[in-house]
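The values are calculated or read from the model by the stated rules, or taken from the named source; none is laboratory data. What you are looking at is a predicted structure, and each value in this text was computed from that prediction instead of being measured. Cβ coordinates were reconstructed from backbone atoms using ideal geometry, including for glycine residues, and neighbour counts include every protein chain displayed.
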Amino acid sequence: MEIQAAGRTRTYTLIEPEGGHDRLLLVFHGSTQNAAKYRAFTGGAFDAIPGTAVAYLDGYRGNWNDARLASRFPARRAGVDDVAFAEAVVKQHAGGREVYAAGYSNGGGLVIRLLHERPDLLAGATVIAAQQPAPGNFLLPGLPVVPKPVLLLHGTADRIVPYEGGEMAAWARFAFQVGGEMLSTPETAGYFARRNGITAPPVTVDLSDRISRTDHRQDGHAPVRLYTVRGGGHTVPGPHPAPRLVGRTSRDLHTTTAMAEFLWS
């Protein structure tokens, strides 16, 4: 499908379930992908979320203009307004329903940008294999805070976006035209918890020898949840394994199930 946004013709794929839907999910792929490639990468797992219309948006030349100050990929160099693209798709298809966003890698960076720049657009968000930029690498400091539920999923053996944060490896910075310091994934969860006004300490439980769940919760505040996949790579946890090049895919945790349980169950 095509839509006009900020003077550009943008494309996306819309999957609508039979019998109607209760929410719209915006899905943002990773670097070098597009909607079709991301659907193949995840085995179409997002297509089948009950009660959910799914809009897979296509980035500009395989990238999104995300929240990192040090990004140098085509979408940043061309000044592409991906926030306007998301707004246009929501206007066209939400129909007053709740809107959620899920992004992987560079797409997760765009979800982080939406949480800061247009939080009113979203009822909640999922960030997969992506992190909050460190203060000196953040494009959008000083914007008003609107608390939102945030779900994060990340593997500890991610060689592209290291779970421990900091700088990406030199080869990854060159290959993906990005750079700058990032918070660690636990620090990213803590960052969003503080934005949501949560002061209670997080609670971590081991769900298996490979999966742990950390919850930041406090009555009256939007929650934050982090799933840590021990040994997981730069992948989307679920039934469809990613190519070995990006590391191990956990089948012990399904991203779409985690989303449904946390965000709208």
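Annotations
- Any chance Ala157 is of a type outside the set (Val, Ile, Thr), surrounded by fewer than 17 Cβ atoms within 10 Å (Cβ to Cβ) and either touching a Cys at 6+ places or on another chain (Cβ under 7 Å) or touching a residue at least 60 places away in the same chain (Cβ under 8 Å) (or both): yes
For (1) under 27 Å from Arg76 (Cα atoms); (2) touching a residue at least 60 places away in the same chain (Cβ under 8 Å); (3) not in a helix (DSSP H, G or I), each residue gets a yes or a no:
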site	(1), (2), (3)
Gly142	yes, no, yes
Val145	yes, no, yes
Val161	yes, yes, yes
Gly180	yes, yes, yes
Ala189	yes, no, no
Asp219	no, no, yes
Gly232	no, yes, yes
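- Candidates Val90, Val111, filtered to the one that is among the β-branched types (Val, Ile, Thr), closer than 20 Å to Leu153 by Cα and at pLDDT 95 or above: Val111
- Among the criteria (1) under 25 Å from Phe41 (Cβ atoms); (2) charged (D, E, K, R); (3) within 14 Å of the chain's Cα centre (by Cα), the one Lys148 does not fulfil is (1).
- Condition check for Ala175: in a loop (DSSP other than H, G, I, E, B) and out of contact with any Ser or Thr (no Cβ under 7 Å at 6 or more places or on another chain): no
- Whichever residue in segment 207-251 is charged (D, E, K, R) and loosely packed, with under 14 Cβ neighbours inside 10 Å and, among such residues, is nearest to Ala175 (Cα to Cα): Arg244
- Hits in segment 192-206 (condition: under 20 Å from Ile112 (Cα atoms) and either of a type in the set (Asp, Glu) or surrounded by 18 or more Cβ atoms within 10 Å (Cβ to Cβ) (or both)): Phe192, Ala193, Arg195, Asn196, Ile198
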